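J.: Structure below; questions to follow.
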Amino acid sequence: MDTHDSRCSSQAIALAFLGGAIAGAVAGVLLAPKSGEETRRELRGYARKAEEEVIEKAKEARAALDEMIERGKHFMAEKREDVEAAVTAGKEAMKERMDKCSS
C-alpha cells in the first residue's frame, strides 16, 4: 500500500471517529433520562476527555512525523555518500583509462 492510501485511511478513520462521537453526543442528549444540568456536566466531561485524547493523538502523530523526517534525512545522507563514492570511483576509472591511452 502506498503512502497516499495510508493517509486517506487515517483521515477516513479520524472523520468516522468524530462523526461517531457527535452522533453519540446527540443521541445521549436526546435519550438521557437525566436533568439538563447533569447532562451538560457529563457533556463537558466527555468534551474534556475527547480534547485530551485528540491532543495526545496529535502528539503521537507529531512524534511519528519527526521520526520519519529523521529517517528520511538519514536515508538521504546514505544515498549521498553512495553517489559521491560512485562519482569518485568513476573519476578514478576515467583517469586510469586516460593514463593508459596516453601511454
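The values are calculated or read from the model by the stated rules, or taken from the named source; none is laboratory data. Predicted, not measured: the structure shown is a model, and the values here were computed from it. Here Cβ is always computed from backbone atoms with ideal geometry, including for glycine, and neighbour counts include all displayed protein chains.
J.: If we keep just the residues of the range 46-103 that are hydrophobic (A, V, I, L, M, F, W, C) and under 13 Å from the mean Cα position of the chain (by Cα), which is nearest to Ala21 (Cα to Cα)? It would help to see each step written out before you state the result.
T.: Let us first name the residues in the range 46-103 that are hydrophobic (A, V, I, L, M, F, W, C), namely 47, 50, 54-55, 58, 61, 63-65, 68-69, 75-77, 83, 85-87, 89, 93-94, 98, 101.
When the remaining residues are screened for being under 13 Å from the mean Cα position of the chain (by Cα), the result is 58, 61, 63-65, 68-69.
On the way: Ala58: 17, Ala61: 20, Ala63: 25, Ala64: 25, Leu65: 26, Met68: 30, Ile69: 32 Å.
In this case the residue turns out to be Ala58.
J.: Something else: Any idea which of Gly28, Gly45, Gly24 is touching a Leu at 6+ places or on another chain (Cβ under 9 Å), assigned to a helix (DSSP H, G or I) and either loosely packed, with under 10 Cβ neighbours inside 10 Å or of a type outside the set (Asp, Glu) (or both)? Explain how you work it out, then say what you get.
T.: Values: Gly45 fails: touching a Leu at 6+ places or on another chain (Cβ under 9 Å); Gly24 fails: touching a Leu at 6+ places or on another chain (Cβ under 9 Å).
None of the other options fit; the residue is Gly28.
J.: In this structure, is Ala14 at pLDDT below 90, surrounded by 10 or more Cβ atoms within 10 Å (Cβ to Cβ) and under 30 Å from the mean Cα position of the chain (by Cα)?
T.: Yes: the conditions hold for Ala14.
J.: Right, something else. Please specify each residue of the range 78-103 satisfying the condition of being small (Gly, Ala, Ser), assigned to a helix (DSSP H, G or I) and exposed (fewer than 10 other Cβ atoms within 10 Å of the Cβ).
T.: Ser102, the sole residue that qualifies.
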